[in-house]
Each structure stands twice: as structure tokens, then as C-alpha cells.
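Q: Mind looking over this structure? Questions follow.
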Amino acid sequence: MFGHGIARTNHKENHVEQRTSLPNELIKEVTGEIAFEETYPRVWPISTFPVREVNDRSKDFVTLHSRKFNMEKILMQRQRVQTVPITQVLYTYKDKSLNYFVFGLEHRVHAPDYPATCCCGCSIL
């Protein structure tokens with residue numbers, strides 16, 4: 001019987017590297033451009049990406065998978081770095097400094113401090 005006793009699993013690790021107050025969970029919901037991607041039976045840690053923290057996480061993830069899944073047969077590994085555009089807009093409204101974000105290729109808006117509580121048909125353009 002084909003596949004008897006064989007379980008196939010896909011182990012994934014994700015990391016968001018950014019320096020704004022935009023919640024990481026929102027960034028994970030949008031798309032960006034693929035800045036780096038490789039797929040091999042075994043990948044090496046990324047070492048030449050311009051953002052040091054990306055190289056560090058790549059090394060951490062490759063090491064983690066080697067140790068954590070050493071009793072499993074790894075068929076293929078993939079690493080992908082996706083860059084998500086984030087624009088933070090700073091503005092003043094009624095003498096109060098506020099901000100909002102436009103992010104992702106979908107141009108989603110996150111405006112947690114939007115001054116209006118009832119927004120009868122208005123929108124941020």
C-alpha cells in the first residue's frame with residue numbers, strides 16, 4: 001500500500017524584521033517582492049543579505065531545522081526573503097502628532113490613532 005506509515009510534514013519558520021510600530025501580524029497578511037529565494041535538498045544560511053538580522057535569522061533557522069528534525073528525512077528546503085514596502089505618515093491634527101501606515105503591495109492602511117470615531121463614508125486616500 002503506497003504511503004503506509006509515511007507522514008509528510010512541512011516545517012516553516014517565519015521572522016519579520018522591521019523597525020516601526022506597525023504590528024508584525026499585519027505585515028504577515030500582505031505581500032511584498034521576493035528579494036531572495038533558493039530551494040535545494042539542503043540550504044546554507046544566507047550570509048550576504050544587506051540586513052544583518054536577516055542573515056542571523058537564516059543561520060538560526062537552518063541550525064534549528066538541522067537539530068530539531070534530525071530524525072526526519074529532509075526532501076527539500078527553501079529560504080525566501082520577502083521585502084514588504086512600509087510607509088509611515090506623520091501628521092498633526094488639532095495640535096496632536098499622529099501617524100498611520102501604508103504597507104504591502106496591496107497598499108493596506110493601518111491608522112490606529114485615526115481622529116474620527118464615526119467615519120460616515122470618508123476614507124484615507
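Q: What are the residues in the range 1-32 that are in contact (Cβ under 8 Å) with a residue 24 or more places away in the chain, in a loop (DSSP other than H, G, I, E, B) and among the hydrophobic types (A, V, I, L, M, F, W, C), if any?
A: Once the filter is applied, which keeps residues that are in contact (Cβ under 8 Å) with a residue 24 or more places away in the chain, in a loop (DSSP other than H, G, I, E, B) and among the hydrophobic types (A, V, I, L, M, F, W, C), the range 1-32 yields L22, V30.
Q: Further, regarding this structure: Can you confirm whether the range 33-42 contains a residue that is surrounded by 13 or more Cβ atoms within 10 Å (Cβ to Cβ), within 16 Å of the chain's Cα centre (by Cα), without any contact (Cβ under 8 Å) to a residue 12 or more places away in the chain and not in a loop (DSSP other than H, G, I, E, B)? Spell out how you get there, then give the answer.
A: We begin by selecting, within the range 33-42, every residue surrounded by 13 or more Cβ atoms within 10 Å (Cβ to Cβ); these are 35-36.
Right, trim to within 16 Å of the chain's Cα centre (by Cα) and you get 35-36.
This time we only want the ones that are without any contact (Cβ under 8 Å) to a residue 12 or more places away in the chain, so: none.
No.
Q: Something else now. For the range 51-65, which positions are over 14 Å from Q77 (Cα atoms) and either among the hydroxyl-bearing types (S, T, Y) or touching a strand residue (DSSP E or B) at 6+ places or on another chain (Cβ under 9 Å) (or both)? Step through it out loud before you land on a result.
A: If we filter the range 51-65 for residues that are over 14 Å from Q77 (Cα atoms), which is where we start, we get 51-57, 60.
Correct list: V51, V54.
Q: Hey, can you tell me all the residues within the range 72-82 that are surrounded by 13 or more Cβ atoms within 10 Å (Cβ to Cβ) and within 17 Å of the chain's Cα centre (by Cα)? First the steps, then the outcome.
A: Initial filter on the range 72-82 (surrounded by 13 or more Cβ atoms within 10 Å (Cβ to Cβ)): 74, 77, 79, 81-82.
Passing the criteria: Q79, V81, Q82.
Q: Is it fair to say Y91 is among the aromatic types (F, W, Y), exposed (fewer than 12 other Cβ atoms within 10 Å of the Cβ) and out of contact with any Pro (no Cβ under 7 Å at 6 or more places or on another chain)?
A: Details: among the aromatic types (F, W, Y): yes; exposed (fewer than 12 other Cβ atoms within 10 Å of the Cβ): yes; out of contact with any Pro (no Cβ under 7 Å at 6 or more places or on another chain): yes.
Answer is yes for this residue.
Q: Now for a different question. Identify, by number, the condition in (1) among the charged types (D, E, K, R); (2) touching a strand residue (DSSP E or B) at 6+ places or on another chain (Cβ under 6 Å); (3) in a loop (DSSP other than H, G, I, E, B) that E72 doesn't meet.
A: The one condition E72 does not meet is (2).
Q: Moving to a separate point now. Which of the numbered conditions does R78 fail, given that it passes all the others? Conditions: (1) in contact with a helix residue (DSSP H, G or I) (Cβ under 9 Å, 6 or more places away or on another chain); (2) touching a residue at least 12 places away in the same chain (Cβ under 8 Å).
A: It is condition (1) that R78 fails.
All of the numbers you see were taken from the coordinates with simple rules; none came from a lab. Here the structure is a predicted model, which means the values were calculated and not measured. Neighbour counts run over all protein chains shown; Cβ positions are idealised from the backbone, glycine included.
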